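The values are calculated or read from the model by the stated rules, or taken from the named source; none is laboratory data. Fair warning: this is a prediction, and the values are worked out from it, not measured in the lab. Cβ sites come from the backbone with ideal geometry, for glycine too, and all protein chains shown count toward neighbours. We work out accessible area using only protein heavy atoms, side chains counted, and drop any ligands, DNA or RNA first. Shrake-Rupley method; radii C 1.70, N 1.55, O 1.52, S 1.80 Å.
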Amino acid sequence: SLRLALRERSMFLEQLRGFLRAGVHGPLAIMLPLVGSIEELEQGLEAIEEAREQLASAGMAHAEDLAIGIMVETPAAAMIADVLAQRVDFISIGTNDLIQYTLAIDRENEAVAYLYQPLHPAILRLIKTVAEAGLRNKVPVSLCGEMAADPRYTWVLIGLGITELSMHPSAIPVIKNIIRSSTSTEMIALAQRALLSQSGREAEELVFTAMHARFPEHLLHGGGQGTGGESTTQ
């Protein structure tokens, strides 16, 4: 997390210097994880600038141009996404942590694992909030985590305004086929209906029924295919 990096500043600066030096050989983007406030973001940006100044003082080649982004993984960050978006070049929503922190659960704890609901109204509203903040500030918003790789959620995510999904390469063909076989109108319509649901279970019944009816060849077993770093775009 960014707060740990800021606490272990010398280690953080060492990592940043490494990124900046490697950036000489190709495009560089640095994403700050688990940002919780504008103060944390500003401190992270200051650390990047400090690392740049250290390299310049040492006469070492480093990247001059780079993109800086953040991971939105907490409800706090999602709710102030409009402010955060004004200071970064891109945003990625980390759904695994966002769901856990928002719903106050631990997926590894069997006593509360049943409460893990990606389509809970609170989760859908937070995703929409971040997507709209990015659109208003002309900052691209991507989404990663198990939701991105699960074909049952594709329509809802894109309908909420997400245009880039990050996932394991093995999941890309199915998700890409679903997107290419769909229209923006029907995806937005399903997302809007899901947003009106009063519970995660109600939204699941609505969304899963619609997706199974439309893509039975992909949803016969009803599950996602893991997470990863590759991406597919709308």
In whole Å, what are the Cα extents of region 149-188 along the three principal axes, biggest one first?
-> 27, 17, 15
For the chain, with equal point scatterers placed on the C-alpha atoms only and solvent neglected, what are the log10 I(q)/I(0) values from the Debye formula at q = 0.08, 0.14, 0.18 1/Å, to two decimals?
-> -0.33, -0.91, -1.32
A 1.4 Å probe over the protein heavy atoms gives the chain a carbon and sulfur accessible-area percentage of 51 percent
Rounded to whole Hz and in sequence order, give me ³J(HN,Hα) for region 145-155 from the Karplus expression 6.51 cos²θ - 1.76 cosθ + 1.60, θ = phi - 60°, writing x for Gly and Pro.
-> x, 4, 4, 5, 8, 8, x, 5, 9, 4, 4
Applied in sequence order to region 54-60, the curve 6.51 cos²θ - 1.76 cosθ + 1.60 (Karplus, θ = phi - 60°) yields integer Hz couplings, x standing for Gly and Pro, of 5, 5, 5, 5, 7, x, 9
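At most 14 other C-beta atoms within 10 Å and a DSSP loop state: those are the exposed GluC sites (Glu not before Pro) I care about. Give me the longest piece of the chain that has none.
Numbers: sites that count: Glu8, Glu64, Glu108, Glu110.
Looking at the chain, 111-234 is the longest stretch - no exposed GluC sites (Glu not before Pro) with at most 14 other Cβ atoms within 10 Å.
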Local electrostatic count at Gly145 - Lys and Arg +1, Asp and Glu -1, tallied over other residues with Cβ under 11 Å = -4
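Between Leu66 and Lys176, what FRET efficiency follows from the Cβ-Cβ distance if R0 is 25 Å, with the result rounded to 0.05? Show your work: numbers first, answer last.
Details: r = 29 Å, r/R0 = 1.16.
So the FRET efficiency works out to roughly 0.30.
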Calculated FRET efficiency for the pair Thr163/Arg214, C-beta based, R₀ 22 Å, to 0.05 = 0.60
Working from Cα positions, state the angle (0 to 90°, nearest 10) between the long axis of helix 121-136 and the longest principal axis of the chain.
-> 50 degrees
Summing +1 for each Lys or Arg and -1 for each Asp or Glu, what net charge is found among the other residues whose Cβ lies under 12 Å from the Cβ of Arg52?
-> -4
Give me the log10 of I(q) over I(0) for region 70-139 at q = 0.11, 0.14 Å⁻¹, as the Debye formula computes it from C-alpha points; what are the numbers?
-> -0.27, -0.42
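Determine the percent antiparallel among the DSSP beta bridges restricted to the chain, to the nearest 5. Each step should come with its number before you reach the end.
Working: 4 of 18 bridges.
Taking every DSSP beta bridge within the chain, about 20 percent pair in antiparallel fashion.
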Rg to Rh ratio, region 129-196, alpha-carbon atoms and Kirkwood radius?
-> 0.96
Express the C-alpha Rg of region 2-90 as a ratio against the empirical globular expectation 2.2 N^0.38 Å, rounded to two decimals.
-> 1.09
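Per DSSP H run of at least 4 residues, take -39500 (n - 2.57); add these up for the chain, divide by its residues and hand me the 222 nm value, nearest 500 deg cm²/dmol. Present the calculation step by step, with values, prior to reporting the outcome.
Values: 13 runs with 124 residues, N = 234.
Mean residue ellipticity, 222 nm, calculated: -15500 deg cm²/dmol.
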